[in-house]
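Student: Take this structure, written in structure tokens, and hold onto it; I'll ask about it next.
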Amino acid sequence: MTVEVLRPAAITPRAGLVRRFRRSVLSDPLALTGLIVIGLLVVLAVLGPWIAPYPDQGEGQSNVPARMLAPSLEHPFGTDGLGRDMLSRVIFGARPALAVSLLVVGLAILIGVPLGALAGYRRGRLDAVIMRITDLFLAFPPLLLAMAIVAALGPGLEHAALALAISWWPWYARLARGTALSLRERAFVEAARSMGVGDLAILRRHVVPNSLAPILVQATIDIGTVILAAGSLAFLGLGASPPAPDWGLMVADGRTFILDQWWLSAFPGLAIFVAVLAFNLVGDLLLDLLDPRGTR
Amino acid sequence: MSAPLLAVSDLAVRFVTRDGNTTGLDGVSLEVGQGEIVGLVGETGCGKTLTGLSILGLLPRSAQVARGSIRLEGRELLGLLDGELRRIRGSSVGMVFQNPASAFNPVFRLGTQMRMALAAHERLPKAEAEARIRETLAEVGLPEADRVLRAYPHQLSGGMLQRAMIAEALLCRPRLLIADEPTTALDVTIEAQILRLIRRLQETRGFSVLFITHDLGVVRAVSDRVVVLYAGRVAESATTATLFEEPEHPYTRGLIAAVPHAAARRKEALASIPGTVPADVGSVEGCAFAPRCPIAVDRCHLEQALVRDVGSGHLAACHLAGRGAIL
Amino acid sequence: MTRFLLHRLAGSAIVLLGLSVITFALARVVPSNPAAVYIGPKARPEDIERVARELGLDQPLPIQYLTYMRDMLTGDWGISIGTKRPVLDEIIVRLPATLELIFAAMVLAIPAGILLGVLSARWQHRPPDLAVRLISIVGVSLPAFWLGLLLQVLFFRTLHLLPLTGRVDPDLRFTAPIADLTGFHMLDTLVTGNWVAMQDVALHLVLPALTLAAYPIGLIARMTRASMLEALGQDYVRAARAAGIADRLIIYRLALKNALIPVTTVVGLTLAYSLTGTFFVEVVYSWPGLGTFAVKGLLNLDYPVVMGITLFGATGYVVINLAVDLAQSWLDPRTRLVA
């Protein structure tokens, strides 16, 4: 028998949040720019092949006679060592960058949130065990664990994505645990418990939905951070391999020629920077919205 | 009759927020004479703390003075530059706050903080400064100066911290002490001690006190005169004896009646004033208390009652005050 | 205070134990053929068997773990497949170069970050605040490897002001050799009065340190700003103003000490960041430190090196956290009582 007496719809005043979001975004030009850039990224990721001026080169086809050309009207970002149009290459790089980071963050949430929510809600031995495990993972300096895992599994985009997901889930477990801890004392949860609603149902229907806000904010910032992390791994040679249009890989490829053909590394790196910046700006805005004290 | 030490005239303070302005104080006037203790009493939100903060120019950023004058020994304080105000704060006027534990910086020893407060105004050689601090600590009932000075705030009790705060406020021998709810956060027994201390210090040193509180019992125990504030306006002002024996304003009467007696029997109903304080008195046409007043007439709802003298310095802001007859 | 210290040490020891389990798993359990991975792809089948026996791979896991721990604790971290020398030795030889770089970056980042954060809080909502917030967010978003490359183009190629790569001009080995006392060139040249070399070393340090400092400056400035704003809103600031204490004293002494408490945590985070951030900076500037060694090991699948670096880096992080705890308890007397 399930009695749907409690509907936590009123707990998070979503209507108010949307209005405040719109007002904050419009008053903060930086955050607005960030939002626009993210939109641009999504468009490039989805429609890249149709927007890029030289789609085959974007994918990897070379055009050696046109190699190492400086930026011009024909090739606004110049061409690389194999004559490929850099603008197209950078555009094509948007899809894997966004896809990988969405995958990594998605996995991290899928693994971390349930574990963390369970730990925070149930407490006791389960909580202690899960917390020790997350502590261990978090005891590694950022990226070090991921690098070690890639070394153990072998280089490649999928392995890098897996390694990053494994490095990231503890953060979400911690976050989910924190919100679960505070939520379990709330009246509507106690009421559900006293009515005999099972733990899993409570977690699913009450705890997790109300934890979404901080998780979403963290996820937004993390998408940017993971783009940077994946790009960094690729730069070192631990991620995607040629001829994939990976931004980090492109920066690494251009490094040998950096002094004279600066555009080879400059534009892909710029893409990473702008993407991360955009997600950080929007993430900051979301943080401001959530921060009740307004200490910003 | 000497000139008042502190003269606040028609002080109005408003809060400026993104969603509009609200009134904090709506034309408050009061005086504190030389060597007297004036109690400023009212419920939470009536503006008594705002009054205290305005005197020293310590209003929060969201609040600003709309009009009025604050004169300390004849000198106008409003409009002074921050640098000039700083010279007054702590030296001519000392202030004591409600929560002694949070009024002291948690990561510095008390001694360091007190030395800084003294050094802000008087350049004394180290030995003299130490002597002054220890003297003052002894005066407030903290003779174990070594322990107090070396301690961090979390190592001392609430009562000791409040005494230390009073000592710090008195270091530079101010002529006026503003005490903003100094005993509200303390136990009743400690509260009695602190009240006695303040009275004693006032007698020995002769400074004036503006004692801000919501507790009528405290006001009665410590003040020479009382000013009652309601919703940002002065309701009544009289000597302590007169106020409690012959209150003229219905709000004052309600307040006095609402105080639960410690010795009262359980069956006696608790008197209370029905209704709530208006949110923004600036938008109220008539008397702010009219909606809750048991003797309000039509005129009360339409026309604000200004403060009038209803007999030998007893002031009240009520159309019906001073007529004697209760309708 | 000593009880507090002992308690923290015990906690760190437990974490290190747990870390050893993870690195053990990565070293012996995760790879399909741990022995082959240990000696490299060019080994002959007999060698693989021999190594498998040496590592005790036929033993049950708990015994393997104990063997692993015994080796780690006695300094036997394996032999690098690439250089054929003990991993621990290689790490120790290259450590000073990396430490000097990280130290230089922190010396830049911490004061700059704190100052920027304080200014930002002091002038909240006005131009200095907006400028610092922009600098901060750019700092934490910049890819270090990209920044490094750009700085090289700007300062070496275009402006001809600073050297391109390396720690020191190779010619100096003959003209003004640096004494090998501590391995820290700045220190060694200072102590021996070798001004020519010292200037050269300093010039070589500038760009790498700047590159590594970008993220820390951003993070530290943000945290300092936020915690200063919080401190400035506290009752004790209002009480200090009521006592007539000057604004400057209130900000830079009374509020700042409180504000720095959470900042120490962030400094710890930036140190942790540097542990891996240095990999990228060293690669770009060909800096002869642990970073380049680690990356080479990663790319060549030099397993013992990778495991050694991982264990070393994780241990370093534990040490950093311990130092942060100590710094916080020094700053905040309230935490000293907590056991």
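Where a number appears in this text, it was derived from the coordinates with a stated rule and is not lab data. This one's a predicted model, so the numbers in the text were calculated from it and none came from an experiment. Cβ: placed from backbone, ideal geometry, glycine included. Neighbour counts: every protein chain shown.
Student: Once you list every other residue whose beta carbon is under 14 Å from the beta carbon of A:Thr220, what net charge do they have if Lys and Arg are +1 and Asp and Glu are -1?
Tutor: Once positives and negatives cancel, what remains is -3.
Student: How many angstrom lie between the C-alpha centres of the range C:250-318 and the range C:123-194?
Tutor: First find each Cα centre; the distance between them is then 16 Å.
Student: Kindly give Rg over Rh for the range B:137-220, based on alpha-carbon atoms, with the Kirkwood expression for the hydrodynamic radius.
Tutor: 0.95
Student: Same structure, new question: Would you mind computing Rg(Cα) / (2.2 N^0.38 Å) for chain A, counting N as its residues? Please report the intermediate quantities before stating the final value.
Tutor: On the way: Rg = 22.5 Å, N = 296, 2.2 N^0.38 = 19.1 Å.
Here the Cα radius of gyration is 1.18 times the empirical estimate.
Student: Using just the helices of the protein assembly as shown, give the 222 nm mean residue ellipticity in deg cm²/dmol: DSSP H runs with n ≥ 4 each add -39,500 (n - 2.57), and the total is spread over all residues, rounded to 500.
Tutor: Value at 222 nm, helices only: -18500 deg cm²/dmol.
Student: Ok, one more. On a C-alpha basis, how far is the centre of the range C:46-103 from the centre of the range B:123-202 in Å? Whole number, if you could?
Tutor: 64
Student: Pull out a ≥ b ≥ c, the square roots of the eigenvalues of the alpha-carbon gyration tensor of the range B:22-94, then state rounded if a/c is under 1.5, prolate if not and a/b is larger than b/c, and oblate in the remaining case.
Tutor: Because a/c hits 1.5 or more and a/b fails to exceed b/c, the range B:22-94 counts as oblate.
Student: If amide hydrogens are placed 1.01 Å from N in the peptide plane, which non-local residues have theirs closer than 5 Å to the one on B:Ile37?
Tutor: So B:Ile37 has HN proximity to B:Val209, B:Asp224, B:Arg225.
Student: Contact order normalised by length for chain C, with contacts defined as Cα pairs under 8 Å and 6 or more residues apart; what percent is it?
Tutor: 27
Student: Most exposed first by the Cβ proxy, i.e. fewest other Cβ within 10 Å, how do B:Arg225, C:Arg336 rank?
Tutor: Exposure proxy ranking, most exposed first: C:Arg336, B:Arg225.
Student: Taking the dipole about the Cα centre of the protein assembly as shown, with the C-beta of Lys and Arg at +1 and of Asp and Glu at -1, give me whichever of B:Ala305, A:Pro53, C:Ile48 is farthest to the positive side.
Tutor: The listed residue farthest towards the positive side: B:Ala305.
Student: Could you list the trypsin sites (Lys or Arg not before Pro) in the range B:90-150 that lie in coil according to DSSP, counting only those with at most 12 other Cβ atoms within 10 Å of their Cβ? Intermediate results must be reported in sequence, preceding the final value.
Tutor: Working: sites: B:Arg109, B:Arg115, B:Arg123, B:Lys126, B:Arg132, B:Arg134, B:Arg147, B:Arg150; in loops: B:Arg109, B:Arg123.
Hits after loop and neighbour filter: B:Arg123.
Student: By counting other Cβ atoms within 10 Å of each Cβ, how are B:Leu11, B:Leu195, C:Leu290 ranked from fewest to most?
Tutor: Ordered from fewest to most neighbouring Cβ atoms within 10 Å, B:Leu11, B:Leu195, C:Leu290 come out as B:Leu195, B:Leu11, C:Leu290.
Student: Net charge near C:Gly139: determine it from the other residues with C-beta under 15 Å of the C-beta of C:Gly139, scoring Lys and Arg +1 and Asp and Glu -1.
Tutor: With Lys, Arg at +1 and Asp, Glu at -1, the net is +2.
Student: D for the range A:172-283, whole µm²/s, Stokes-Einstein with Kirkwood Rh over alpha-carbon pairs at 25 °C and 0.890 mPa s: what number?
Tutor: Estimated diffusion coefficient is 145 µm²/s.
Student: Test of understanding: ordering C:Tyr65, A:Tyr121 by Cβ neighbours within 10 Å, fewest first, what list do you get?
Tutor: C:Tyr65, A:Tyr121
Student: Further question: Provide the FRET efficiency to the nearest 0.05 for the C:Leu159-B:Thr112 pair, computing r from the beta carbons and using R0 = 30 Å. Working shown, then result.
Tutor: On the way: r = 49 Å, r/R0 = 1.62.
Once rounded, the FRET efficiency stands at 0.05.
Student: So how tilted is helix C:61-73 from the main axis of chain C? Cα-based, degrees 0 to 90, rounded to 10.
Tutor: 70
Student: According to the square roots a ≥ b ≥ c of the eigenvalues of the Cα gyration tensor, what is the shape class of chain C, taking rounded for a/c under 1.5, prolate for a/b larger than b/c otherwise, and oblate for the remainder?
Tutor: Values: a/c = 2.33, a/b = 1.44, b/c = 1.62.
Cα axes put chain C in the oblate bin.
Student: At 37 °C and 0.692 mPa s, grab the translational diffusion coefficient of the protein assembly as shown from Stokes-Einstein with a Kirkwood Rh over Cα pairs, rounded to a whole number in µm² per second.
Tutor: 99
Student: log₁₀ I(q)/I(0) of the range B:155-203 at q = 0.17, 0.28 Å⁻¹, via Debye over equal Cα point scatterers, no solvent, to two decimals?
Tutor: At q = 0.17, 0.28 Å⁻¹ the computed log10 ratios are -0.48, -1.22.
Student: Given R₀ = 41 Å, what would the calculated FRET efficiency be for B:Glu203 paired with B:Asn21, taking r from the Cβ atoms and rounding to 0.05?
Tutor: It comes to 0.40.
Student: Once you place label points 7 Å from the Cα toward the Cβ at A:Asp260 and B:Thr276, how far apart are they in nm?
Tutor: Output for this residue pair reads 7.8 nm.
Student: Considering the convex hull of the alpha carbon atoms of the range C:1-135, report its projected area averaged over all viewing directions, in nm², one decimal.
Tutor: 13.9
Student: Using the basic label-point model (7 angstrom from Cα toward the beta carbon), what is the C:Val93 to C:Leu181 distance in nanometres?
Tutor: 2.3
Student: How big is Rg to Rh over the range C:125-254, alpha-carbon atoms, Rh as the Kirkwood inverse-mean-distance radius?
Tutor: 1.17
Student: How high is the relative contact order of chain B, in percent, counting Cα pairs under 8 Å that sit 6 or more residues apart? Let's see the in-between values first.
Tutor: Values: 593 pairs, mean separation 66.7, N = 327.
With pairs under 8 Å counted, the relative contact order is 20 percent.
Student: Given the protein assembly as shown, what percent of its DSSP beta bridges are antiparallel, to the nearest 5?
Tutor: The antiparallel fraction comes to roughly 65 percent.
Student: Taking loop as defined by DSSP and a crowding limit of 14 other beta carbons within 10 Å, which chymotrypsin sites (Phe, Trp or Tyr not before Pro) in the range C:79-179 fit? Intermediate results must be reported in sequence, preceding the final value.
Tutor: Numbers: sites: C:Phe103, C:Trp123, C:Phe145, C:Trp146, C:Phe155, C:Phe156, C:Phe174; in loops: C:Trp123.
Hits after loop and neighbour filter: C:Trp123.
Student: Gap in Å between the Cα centre of the range A:126-198 and the Cα centre of the range B:219-247?
Tutor: Measuring centre to centre over Cα atoms gives 61 Å.
Student: Quick one: which residues, 5+ away or cross-chain, put their amide H under 5 Å from the amide H of B:Arg67? H built at 1.01 Å from N.
Tutor: B:Ala12
Student: Can you give me the relative contact order of the range C:230-339 as a percent, contacts being Cα pairs under 8 Å and 6 or more apart?
Tutor: After rounding, I find 24 percent.
Student: Points 7 angstrom from Cα along the Cβ direction at B:Arg150 and A:Ala70: gap in nanometres?
Tutor: Inter-label distance under the simple model: 7.3 nm.
Student: Rounded, prolate or oblate: which fits chain B, taking a ≥ b ≥ c as square roots of the Cα gyration tensor eigenvalues, rounded meaning a/c under 1.5, else prolate when a/b beats b/c? Intermediate results must be reported in sequence, preceding the final value.
Tutor: Working: a/c = 1.97, a/b = 1.58, b/c = 1.25.
Cα axes put chain B in the prolate bin.
Student: With θ set to phi - 60° and the Karplus curve 6.51 cos²θ - 1.76 cosθ + 1.60, what are the ³J(HN,Hα) couplings of the range B:127-144 in order, to the nearest whole Hz, using x for Gly and Pro?
Tutor: Once θ is set to phi - 60°, the couplings for the range B:127-144 become 4, 5, 4, 4, 4, 4, 4, 5, 4, 4, 4, 4, 4, 8, x, 10, x, 7 Hz.
Student: Between B:Glu73 and A:Ser182, what FRET efficiency follows from the Cβ-Cβ distance if R0 is 60 Å, with the result rounded to 0.05?
Tutor: 0.70
Student: Counting other Cβ atoms within 10 Å, keep those with at most 11, restrict to DSSP loop, and tell me which trypsin sites (Lys or Arg not before Pro) in the range C:39-128 are left.
Tutor: C:Lys42, C:Lys84
Student: Now a separate question. Tally Lys/Arg at +1 and Asp/Glu at -1 over every other residue whose Cβ is under 10 Å from the Cβ of C:Thr292; what's the total? Display every interim value, and only then the final one.
Tutor: On the way: positive: C:Arg94, C:Lys296; negative: C:Glu282.
After counting each charged neighbour, the total is +1.
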